[in-house]
Amino acid sequence: MSVEVGQILEGTVSGITNFGAFVELGEGKTGMVHISEIADAYVKDINAYLKINDKVKVKVLSIDEKGKISLSVRQAAVVKKSTRPADVDWSKEFQDSKGGSFEEVLSKFMKDSEERLLDIKRNRESKRGGGRYSRGRG
């Protein structure tokens, strides 16, 4: 079995250290999963995620000139999604419960926002005393 970069393989955890785990891939080949490639979450203790003799799916990240194989459990678990965006009918997507179009919903939102801002501005001015000459001057 030839091991190639990008390949997803199943292996058996053969050793655990504080910096990663060693995985036997078969035919005498062993690779290493660095602690940062165990899971998406922060991994403080590898033993919380892997045990010796666990069967794991791994992705081959690299193979250096000495034949050392770098693996990832985290990347093997990621399901490849299509890079093409989904076709969305935006005219239906932006209909509110009353059947308004996006433009109508946006217009209502803008009107409501302007009214709220005016209310806030009036409220602030009334708390300040209403104006420049309201303190008995002039």
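Every read-out reported here was derived from the displayed coordinates using simple, explicitly stated rules and does not represent laboratory data. Values in this document were obtained by computation on a predicted structure and should not be read as measured data. For neighbour counting, all protein chains shown are included, and Cβ atoms are generated from backbone atoms with ideal geometry for every residue, glycine included.
Side notes on the structure shown:
- Scan of the range 1-57 for residues that are farther than 10 Å from Leu71 by Cβ and among the aromatic types (Phe, Trp, Tyr), ordered by number: Phe19, Tyr42, Tyr49
- Test: Asn18 is of a type in the set (S, T, N, Q) and part of a helix (DSSP H, G or I): no
- Enumeration of residues in the range 62-75 that are touching a residue at least 60 places away in the same chain (Cβ under 8 Å) and buried (at least 19 other Cβ atoms within 10 Å of the Cβ): Ile69, Leu71
Results for (1) closer than 13 Å to Arg74 by Cα; (2) hydrophobic (A, V, I, L, M, F, W, C), shown as yes or no for each residue.
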{"site": "Ile8", "(1), (2)": "yes, yes"}
{"site": "Thr12", "(1), (2)": "no, no"}
{"site": "Ile16", "(1), (2)": "no, yes"}
{"site": "Phe19", "(1), (2)": "no, yes"}
{"site": "Phe22", "(1), (2)": "no, yes"}
{"site": "Lys29", "(1), (2)": "no, no"}
{"site": "Glu37", "(1), (2)": "yes, no"}
{"site": "Asp40", "(1), (2)": "yes, no"}
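- Looking across the range 21-36 at every residue that is among the charged types (D, E, K, R) and not in a loop (DSSP other than H, G, I, E, B), the one that is farthest from the chain's Cα centre (by Cα) is identified as Lys29.
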